[in-house]
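Asks: Below is one structure. I have some questions about it.
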Protein chains: 2
Amino acid sequence: MKNWMIRQEGYVEEDIPSLGNRYLIGNGYLGIRGTLEEYEAKQLPAINLAGIYDRVGDGWREPINLPNGCFSYLKVDGNIYRLPEQGAKAHCISLDYRHGIFRRETTWHTVRGDITLQTDRFVSMTRTNLIGMRFRISADFHADVELLTGIDCEVWDLNGPHLEHLSMEEYHPEEGENAGESVLLVQALTHEEHIPIAVAASVQTVTPAEIQCTVEGKKILHRICLITKPGECAVVEKYIGVSTGKEREIPVQEAVGTIMAAKASGYEWCLQSHVERWEELWKHSEVVIKGDPIANEAVNYSLYHLHSIAPRHTESLSIPARGLSGQTYKGAVFWDTEMFMLDFFLMTDPATARVLMKYRIDSLKGALEKAQHYGLQGAFYAWESQEGGYDACSDYNVTDVFTGRPMRTFFKDKQVHISAAIAYGILRYVEWTKDESLLDIEGVRTVIECARFYYSLLLQPLTKERLEIHDVIGPDEYHERVNNNGYTNRMAKFTLDAAVQVIEIALKNHTLPQGYDAKALMEAFGKASRMLYIPQPATTGDKKGVIEQFDGYFALEDASLEQVRGRLLHEKEYWGGAYGVASHTQIIKQADVVTWLNLFSEEYDKDTLRANWEYYEPRTEHGSSLSAGMYAMLACKIGEPDRAYPFFLKSAMADLQGGGKEWAGLVYIGGTHPAAAGAAYMTAVEGFGGISLTEGGLTVQPSLPKSIQGMEFHIYYEGTEYEVKIEGNRGTVTAL
Amino acid sequence: MKNWMIRQEGYVEEDIPSLGNRYLIGNGYLGIRGTLEEYEAKQLPAINLAGIYDRVGDGWREPINLPNGCFSYLKVDGNIYRLPEQGAKAHCISLDYRHGIFRRETTWHTVRGDITLQTDRFVSMTRTNLIGMRFRISADFHADVELLTGIDCEVWDLNGPHLEHLSMEEYHPEEGENAGESVLLVQALTHEEHIPIAVAASVQTVTPAEIQCTVEGKKILHRICLITKPGECAVVEKYIGVSTGKEREIPVQEAVGTIMAAKASGYEWCLQSHVERWEELWKHSEVVIKGDPIANEAVNYSLYHLHSIAPRHTESLSIPARGLSGQTYKGAVFWDTEMFMLDFFLMTDPATARVLMKYRIDSLKGALEKAQHYGLQGAFYAWESQEGGYDACSDYNVTDVFTGRPMRTFFKDKQVHISAAIAYGILRYVEWTKDESLLDIEGVRTVIECARFYYSLLLQPLTKERLEIHDVIGPDEYHERVNNNGYTNRMAKFTLDAAVQVIEIALKNHTLPQGYDAKALMEAFGKASRMLYIPQPATTGDKKGVIEQFDGYFALEDASLEQVRGRLLHEKEYWGGAYGVASHTQIIKQADVVTWLNLFSEEYDKDTLRANWEYYEPRTEHGSSLSAGMYAMLACKIGEPDRAYPFFLKSAMADLQGGGKEWAGLVYIGGTHPAAAGAAYMTAVEGFGGISLTEGGLTVQPSLPKSIQGMEFHIYYEGTEYEVKIEGNRGTVTAL
């Protein structure tokens, strides 16, 4: 990894799934896995769409993958050259992660000599629906080349097939400057909602070539026949347009129109404007880390992924937990967005931050319905949110490896801290941007309904002068159905306070929705917040300063991580649930109290923060990619950036190194980790950089680990862009 | 089964465990399993003691079995004759269940002729510590017989060994009329508390015989050598005395004293006084059922078992769930006593009913400590109560058959309805006997503390004007950690009301314990009772009249019992717990709503009672022997005694027919079912007989099933004995 470039030399079949993630390109509207053009469904290629979902039978509801408009392969002298069937003499792929350009270069040895295929592809950052590809073919002999490139309708799905009434056709525009050109066109309808989708592809050859249309099974292809000259390079450009009925009434028009317009502009122009847009993005978002090239590159590679999946093409959409890398986790939006990704956008691209939060406001209806379904009030947001706030989460998310039976899990109905994340995100947006326009009537309603949700969860034990929240799952999912999880209670209190604050703003701005009694709500929420029980640090004993994660946690067996791991009978068995190896011990999946203390660090002294970090870290399995970042950030806040550093790197390299779980039995569960990427950003900027909001406004209090000499980055705050420069312990903030 | 006698002809080795239960004899102080004299530990003989417990290592704490003072076997002409090693020509055992006499008769064929061993044994109903045995040996030739009889110190234990420092000796009393006689004496200390125990045995021969003492491994024996004459019977009488440091400072004195006194009285006298005591018991308790000999015999056989385990020898003790049939269920006392057995004693032997409830009052300390341990107030009675109210219940009661791991169960910490059973029992005792002496200061304290326990469980949701109880297990143990279980809530309300009532009595009788503010408690309990949410019958729809067992029960899958059984992957897998086949369906283990409605039937009309019976019965697995009786009783109350009849017979024949679970893996879990016996009594007398307390006092409203023509029995009420005679639908009650 060097100069904004990652490369992979050689070919290892087992790496196909992880490379698909690591070499992903995207523009927020769609993502293309870093797979080779010749790959078919079994090799997990995907052109994965944001925000459009489908369900078949009893399978999980998931986003759709489009027919693969990038599909291509080569024939030379009548023989097929594709990986892995035809072993290559040399092969490499690379990703220019400064500009979102995926490249492959493969040389095959043929009986007459060597032939090299080189491709570039990008998903346009300026034209949402456009994918550009360029093929360069060169040989050291007069090769008789056929490039077959078109659209493969055999789509890789986890729980499909999602596309029905699929048609493939060759289409010739009748008018305009492209009149008569050959366009390949695939149209289909989604299974559940019959949403039309269209994929169009057209080519342009620089080198003289003969072009025909051909159908091979479920593929419609252009066969481009040309003869290479030694020392010259044959070039073919391809434009792929995609569209769905989600945005356009007649998506086929959009798909075809996109490629026609692009063709008219020319490939070089399309690429250049794409690259310029990326440069513009980096101008505001690049984090320069001095003295530590690994950290520098890992962070910016993380930001590349966040940029690639940012929904800039719309006003209201969020980011799935696995980005646009496929159908894993149902393409659903989790608390990851608000708690881990939001800050990056707030600080580098507030408009996108607004899009993310607008999605939550627009999906309030689903949250209200979910609460009602459980006999509760207010807004209970989806644990796995799809369009309209539909909760894709199942009551049975895990399979018992011993019996093969689905296990009842409680993520959907008991992980109630999700609604607080929405209130937190909205308030943080307003705090950081001072843009109160998000708090229009619906924005205000959203925060109030989140508070009302917690209000309806509150229980007053008859013998105690306090309110409690029972029967929840906190961020540590290994302990189910616990009472008074500190994180959950504190976030509920935050939400109640946030509602009071938002009502005040609404009264000022005249944005209080009708039917709400401001005074009564403020009184009720205020009183509930004051009475809500927040577990406190132990005041004496060997746990002095440590906060019990939930009622009874300290009474659980204090077994070590190694002991607990040693009790596994099956490598894939679930650690949590009712009888998992961790469930009745103090081993936790991920930061829980530490997440809380990181968010509210100003409420505790450093000794308390440290006591909790030191107590919980050895007891944390870090079974979630969300975990390391929270430990990293809190370590910075207790003045121990060197302790933070390995956790920071783990977050920053989550996708660069891979190593996460890729398979659960036969189901692919891998993908990118945008929350870890966001956590890496937060650790760099807020942790090491020490950027925070205090009463005096934006402040910088650097706390650099040994390996980092300085940092430079820009951040937005209250609509103004600032340049931050850090050298050692000194930081300066300059408005631009 | 005829004439108060059950017999088993022939010998089947597999029947050893169940015959051990079916032919049990006992006197409430100890029980002797119906095993043969020659059985050793592997054949599950037991002389099981009431109320004395021991724990070894991490094993379950359980009652102790004494060294087997009944051990005996026969040698003829130098050859050993014992079952099953030496097959018999004829063999039978019988139990005179009118008088608690176990008999065996076995004839072996020897080379010289046939020899028959016949034994009787009884556990004296008049001399608590005495076991009597008589051997009759007859042969059709001059047999050279050795009867070896003594004490076997190799004790069958589930989780032992419990006895340490065991000594075996021959002892010769120096004084008195038995001076110089040979007494076998075994002494030992229990492992945990070093309680001394003693077993003494002595013999008396009518036939001339030579007697020596001999030790064979862990047995100390008398070798009685005699020669039989054809046509005559050699008779040997044996007296066994047992005692423990629980009752006597020097138990060996009691053990020896007991046999010496018995010997002085003579075997015939001892037996006769025992038989007369049984006749006296039957005078007050026999239930004559006319026209249905099976029902008649099954009920009285059930009552035999209740009499055999009734703790008449003490002022404060209760009955374990498996009676005195061994160490199964840790010899612990469950809600079975109050909810299923108490009525029998109230109506036939109120003094014993008082002993049972006194045990609970005396074990209040354990209940207070248990509540405190869980951060609750008041008295949380043990789910599996041993001495002092110690809860023998483990957090891990079930083994996962798939992983071999212990499964976390919640019987101990969440089955909170147990304390209500204690309040219910005390109030029912007072109501039925009008004996307020049980409500002395400690009795009053007990009821108040039970109410205080529920008070501390009450939760007020901030959005509801009612109190709820969350996170419990109801009688249906297949659904764990549910909210607002109807049975639990109603029993909690009962307990709050009971406390108010008891405080009023205490004010009148000056028995209010110090430190209790009567007015404040009555106000608090009264208000809590009024606000406590009791689920109500559905008012419309296909579930009209049916009460939801707990919040969300109706939303569970409504699979049939056959469907659910068909999902089992392993015959021994647990149906409940987090992932059991029943857990996420409406299939329940045992009567739950039906138990509630049976106890409070006067609060609902017959249509409602019927709707619930008809809804829940097909959804009940009847996985507990407690279940059938509740369905039987409620069927009587809805005027359907013929529907009750099969459930009644199931309860009444629980021990007569066996068929219950005997083994869980390698652990013996069989035993007698006194709760089912009690339920059979209640169904006969209160269900079919229609005995109840109304405002007009004792009333009889018979509701006989077709097969029963009439009934006759006595019952005590308010200290007076009544004769009840029922012919068809007419019943008369006459004070005696």
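Asks: Is it true that A:Thr672 is in contact (Cβ under 8 Å) with a residue 40 or more places away in the chain and outside the structural domain of A:Glu573 (by TED's automatic domain parsing)?
Replies: yes
Asks: Among residues belonging to the range B:1-46 that are out of contact with any Cys (no Cβ under 7 Å at 6 or more places or on another chain) and in a strand (DSSP E or B), point out the one that is modelled with the lowest pLDDT. Quick ask: steps written out before the conclusion?
Replies: As a first pass, look at the range B:1-46 and keep what is out of contact with any Cys (no Cβ under 7 Å at 6 or more places or on another chain): B:1-6, B:10-31, B:33-36, B:38-46.
Those left that are additionally in a strand (DSSP E or B): B:2, B:5-6, B:25-26, B:30-31.
Working: B:Lys2: 57, B:Met5: 96, B:Ile6: 96, B:Ile25: 98, B:Gly26: 98, B:Leu30: 97, B:Gly31: 98.
Here the residue is B:Lys2.
Here's the yes/no breakdown for (1) small (Gly, Ala, Ser); (2) modelled with pLDDT of 95 or more; (3) part of a helix (DSSP H, G or I); (4) farther than 30 Å from B:Leu376 by Cβ:
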residue: A:Ala382; (1), (2), (3), (4): yes, yes, no, yes
residue: A:Met407; (1), (2), (3), (4): no, no, no, yes
residue: A:Ala421; (1), (2), (3), (4): yes, yes, yes, yes
residue: A:Tyr424; (1), (2), (3), (4): no, yes, yes, yes
residue: A:Tyr429; (1), (2), (3), (4): no, yes, yes, yes
residue: A:Leu438; (1), (2), (3), (4): no, yes, yes, yes
residue: A:Val447; (1), (2), (3), (4): no, yes, yes, yes
residue: A:Ser456; (1), (2), (3), (4): yes, yes, yes, no
residue: A:His470; (1), (2), (3), (4): no, yes, no, no
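For every residue, the table says whether it meets (1) surrounded by fewer than 23 Cβ atoms within 10 Å (Cβ to Cβ); (2) not hydroxyl-bearing (Ser, Thr, Tyr).
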| position | (1), (2) |
| --- | --- |
| A:Ser72 | no, no |
| A:Gly78 | yes, yes |
| A:Ser138 | yes, no |
| A:Asp152 | no, yes |
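Asks: Condition first: outside any helix (DSSP H, G or I), within 14 Å of chain A (Cβ to nearest Cβ), touching a residue at least 24 places away in the same chain (Cβ under 8 Å) and under 20 Å from B:Asp551 (Cα atoms). Can you find one or more residues in the range B:592-602 that meet it?
Replies: Among the residues of the range B:592-602, not one is outside any helix (DSSP H, G or I), within 14 Å of chain A (Cβ to nearest Cβ), touching a residue at least 24 places away in the same chain (Cβ under 8 Å) and under 20 Å from B:Asp551 (Cα atoms), which makes the answer no.
Asks: Which of the residues that make up the range A:530-543 are within 30 Å of A:Thr495 (Cβ to Cβ) and either away from chain B (no Cβ under 12 Å) or part of a loop (DSSP other than H, G, I, E, B) (or both)?
Replies: Of everything in the range A:530-543, those that are within 30 Å of A:Thr495 (Cβ to Cβ) and either away from chain B (no Cβ under 12 Å) or part of a loop (DSSP other than H, G, I, E, B) (or both) turn out to be A:Arg530, A:Tyr533, A:Ile534, A:Pro535, A:Gln536, A:Pro537, A:Ala538, A:Thr539, A:Lys543.
Asks: Right, here's the next one. Quick one: which strands (runs of 3 or more DSSP E) lie wholly within the range A:192-298 and hold at least 1 residues that are closer than 30 Å to A:Gly731 by Cα? Break it down into steps so the answer makes sense when it comes.
Replies: Working: elements: A:196-205, A:210-216, A:219-227, A:234-244, A:288-290.
The strands (runs of 3 or more DSSP E) meeting that bar are A:288-290.
Asks: Output the residues belonging to the range A:674-699 that are at pLDDT below 95 and in contact with a Ser or Thr (Cβ under 7 Å, 6 or more places away or on another chain).
Replies: A:Ser692, A:Thr699
Asks: May I ask you to verify whether B:Trp335 is touching a His at 6+ places or on another chain (Cβ under 8 Å), buried (at least 19 other Cβ atoms within 10 Å of the Cβ), more than 14 Å from chain A (Cβ to nearest Cβ) and among the hydrophobic types (A, V, I, L, M, F, W, C)?
Replies: The answer is yes for B:Trp335.
Asks: Please determine whether any residue of the range A:578-591 is free of Cβ contacts under 8 Å to residues at least 24 places away in the same chain, aromatic (Phe, Trp, Tyr) and either crowded, with 19+ Cβ neighbours inside 10 Å or within 14 Å of chain B (Cβ to nearest Cβ) (or both).
Replies: So far as the range A:578-591 goes, yes, one or more of its residues are free of Cβ contacts under 8 Å to residues at least 24 places away in the same chain, aromatic (Phe, Trp, Tyr) and either crowded, with 19+ Cβ neighbours inside 10 Å or within 14 Å of chain B (Cβ to nearest Cβ) (or both).
Asks: Related question: For the range A:502-522, indicate whether the set of residues that are of a type in the set (Lys, Arg) and free of Cβ contacts under 8 Å to residues at least 12 places away in the same chain is non-empty. First the steps, then the outcome.
Replies: First, the residues of the range A:502-522 that are of a type in the set (Lys, Arg): A:508, A:519.
From the residues that got through so far, the ones that are free of Cβ contacts under 8 Å to residues at least 12 places away in the same chain too are A:508, A:519.
Among the residues of the range A:502-522, at least one is of a type in the set (Lys, Arg) and free of Cβ contacts under 8 Å to residues at least 12 places away in the same chain, which makes the answer yes.
Asks: On to the next question. Answer yes or no as to whether B:Gln415 is among the polar types (S, T, N, Q), over 30 Å from B:Glu280 (Cα atoms) and away from chain A (no Cβ under 13 Å).
Replies: For B:Gln415, the condition - among the polar types (S, T, N, Q), over 30 Å from B:Glu280 (Cα atoms) and away from chain A (no Cβ under 13 Å) - is met.
Asks: Out of the residues in the range A:468-484 meeting the condition of being of a type in the set (D, E, K, R) and more than 12 Å from A:Leu458 (Cβ to Cβ), tell me which one is farthest from the other protein chains (Cβ to nearest Cβ). It would help to see each step written out before you state the result.
Replies: Quick first cut of the range A:468-484, residues of a type in the set (D, E, K, R) only: A:468, A:471, A:476-477, A:480-481.
Retained after the next criterion (residues that are more than 12 Å from A:Leu458 (Cβ to Cβ)): A:471, A:476-477, A:480-481.
Working: A:Asp471: 7, A:Asp476: 17, A:Glu477: 15, A:Glu480: 9, A:Arg481: 6 Å.
Filtering the range A:468-484 for residues that are of a type in the set (D, E, K, R) and more than 12 Å from A:Leu458 (Cβ to Cβ), the one farthest from the other protein chains (Cβ to nearest Cβ) comes out as A:Asp476.
Asks: Return only the number of the condition from (1) farther than 30 Å from A:Asp400 by Cβ; (2) aromatic (Phe, Trp, Tyr); (3) not in a helix (DSSP H, G or I) that B:Tyr579 does not satisfy.
Replies: The failed condition is (1).
Asks: Within the range B:576-584, can one find any residue that is more than 33 Å from the chain's Cα centre (by Cα) and modelled with pLDDT of 95 or more?
Replies: Within the range B:576-584 (the criterion being more than 33 Å from the chain's Cα centre (by Cα) and modelled with pLDDT of 95 or more), the answer is no, since none of the residues qualifies.
Asks: Name the residues in the range B:556-572 that are part of a loop (DSSP other than H, G, I, E, B) and either of a type in the set (A, V, I, L, M, F, W, C) or within 13 Å of chain A (Cβ to nearest Cβ) (or both), would you?
Replies: If the condition is that a residue be part of a loop (DSSP other than H, G, I, E, B) and either of a type in the set (A, V, I, L, M, F, W, C) or within 13 Å of chain A (Cβ to nearest Cβ) (or both), then B:Leu556, B:Ala559, B:Arg567, B:Leu568, B:Leu569, B:His570 are the ones that fit.
Asks: Now a separate question. Considering the range B:68-114 alone, what residues qualify as being free of Cβ contacts under 8 Å to residues at least 12 places away in the same chain and not in a loop (DSSP other than H, G, I, E, B)?
Replies: Passing the criteria: only B:Ile80.
Table: residues versus (1) at pLDDT 95 or above; (2) out of contact with any strand residue (DSSP E or B) (no Cβ under 9 Å at 6 or more places or on another chain).
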| position | (1), (2) |
| --- | --- |
| B:Arg112 | no, no |
| B:Gln118 | yes, no |
| B:Thr126 | yes, yes |
| B:Asn129 | yes, no |
| B:Leu147 | yes, no |
| B:Cys153 | yes, no |
| B:His162 | yes, no |
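Asks: Next question, about the same structure. Out of A:Asn68, A:Asn48, report the one residue that is under 19 Å from the mean Cα position of the chain (by Cα), closer than 24 Å to A:Thr328 by Cβ and not β-branched (Val, Ile, Thr).
Replies: A:Asn48
Asks: Among the numbered criteria (1) away from every other protein chain (no Cβ under 14 Å); (2) farther than 17 Å from B:Tyr53 by Cα; (3) surrounded by fewer than 24 Cβ atoms within 10 Å (Cβ to Cβ), which single criterion is violated by B:Thr348?
Replies: (3)
Asks: Continuing with the same structure: Can you tell me how many residues in the range A:366-409 are facing chain B (nearest Cβ under 10 Å) and aromatic (Phe, Trp, Tyr)?
Replies: Going through the range A:366-409 one residue at a time, the tally reaches 3.
Asks: Then there is this: Go through (1) outside any helix (DSSP H, G or I); (2) more than 14 Å from chain A (Cβ to nearest Cβ); (3) buried (at least 24 other Cβ atoms within 10 Å of the Cβ) for B:Gly639 and report which single condition fails.
Replies: Unmet for B:Gly639, out of (1) outside any helix (DSSP H, G or I); (2) more than 14 Å from chain A (Cβ to nearest Cβ); (3) buried (at least 24 other Cβ atoms within 10 Å of the Cβ): (3).
Asks: Identify, by number, the condition in (1) crowded, with 19+ Cβ neighbours inside 10 Å; (2) of a type outside the set (Lys, Arg); (3) within 19 Å of B:Leu462 (Cα to Cα) that A:Asp517 doesn't meet.
Replies: Among (1) crowded, with 19+ Cβ neighbours inside 10 Å; (2) of a type outside the set (Lys, Arg); (3) within 19 Å of B:Leu462 (Cα to Cα), the lone unmet condition for A:Asp517 is (1).
The values are calculated or read from the model by the stated rules, or taken from the named source; none is laboratory data. Because the structure is predicted, anything quoted here is derived from the model rather than measured. Here the Cβ is made from the backbone with ideal geometry for all residues, glycine too, and neighbour counts use every protein chain on show.
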